[in-house]
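All of the numbers you see were taken from the coordinates with simple rules; none came from a lab. In this text, all values refer to a predicted model and were calculated from it rather than measured experimentally. Note that each Cβ is placed from the backbone with ideal geometry, even for glycine, and that neighbours are counted across all protein chains shown.
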Amino acid sequence: MAINTVAIMGRLTYNPELKSTNTGISVTHFQVAVDRSYVPKGQEKQTDFIDCVAFRQTAEFVHRYFNKGSMIALDGSLQSRTYTDKNGNDRKVIEVFANNVSFCGGKKEEAKPNVSVTKEESSYDIIDDGNDKMPWD
């Protein structure tokens with residue numbers, strides 16, 4: 001039996017961009033800046049930048065309600081993939097595939113309710129109707 005579970009909380013480093021796979025599945029990539037909990041004496045705080053990906057309703061949720069600087073909490077699993085870049089070099093990427101995503105606070109000037117969406121179930125369908133109101137407003 002293997003265990004592959006990741007839980008992180010931090011701030012988005014850029015605005016998530018929503019795309020679709022060739023089969024029409026929504027997908028978004030985003031990066032979370034996570035401060036390390038241990039700071040060696042005499043050193044500055046260090047931050048890790050973690051690449052994440054979400055699919056379907058979770059991708060739509062992240063794209064619609066999170067922006068650069070937003071606090072986000074998520075759990076998921078680590079997955080790796082390889083690809084060849086435009087220069088012909090083989091590259092390896094390790095990403096967190098998000099299962100559950102939640103608001104966990106925000107910038108001091110903007111407080112958001114504690115709402116979450118999971119990969120398996122969504123409490124509502126996310127429909128882009130041009131209305132910028134949150135579903136609970």
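Brief remarks follow.
- Within the range 32-71, considering residues that are among the aliphatic types (A, V, I, L, M), free of Cβ contacts under 8 Å to residues at least 40 places away in the same chain and surrounded by 12 or more Cβ atoms within 10 Å (Cβ to Cβ), the one farthest from LYS19 (Cα to Cα): VAL34
One line per residue, one yes/no per condition, for (1) of a type in the set (A, V, I, L, M, F, W, C); (2) more than 19 Å from PHE97 (Cβ to Cβ):
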| position | (1), (2) |
| --- | --- |
| ILE8 | yes, no |
| LEU18 | yes, no |
| THR21 | no, no |
| VAL32 | yes, no |
| SER37 | no, yes |
| PRO40 | no, yes |
| LYS45 | no, yes |
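- Taking the range 1-31 as the range and being part of a loop (DSSP other than H, G, I, E, B), in contact (Cβ under 8 Å) with a residue 40 or more places away in the chain and either surrounded by 15 or more Cβ atoms within 10 Å (Cβ to Cβ) or among the aliphatic types (A, V, I, L, M) (or both) as the test, the residues that pass are THR13, PRO16.
- Counting only residues that are touching a residue at least 12 places away in the same chain (Cβ under 8 Å) and either hydroxyl-bearing (Ser, Thr, Tyr) or not in a loop (DSSP other than H, G, I, E, B) (or both), the range 86-106 holds 12 of them.
- Filter pass, TYR83 being outside any strand (DSSP E or B) and among the aromatic types (Phe, Trp, Tyr): no
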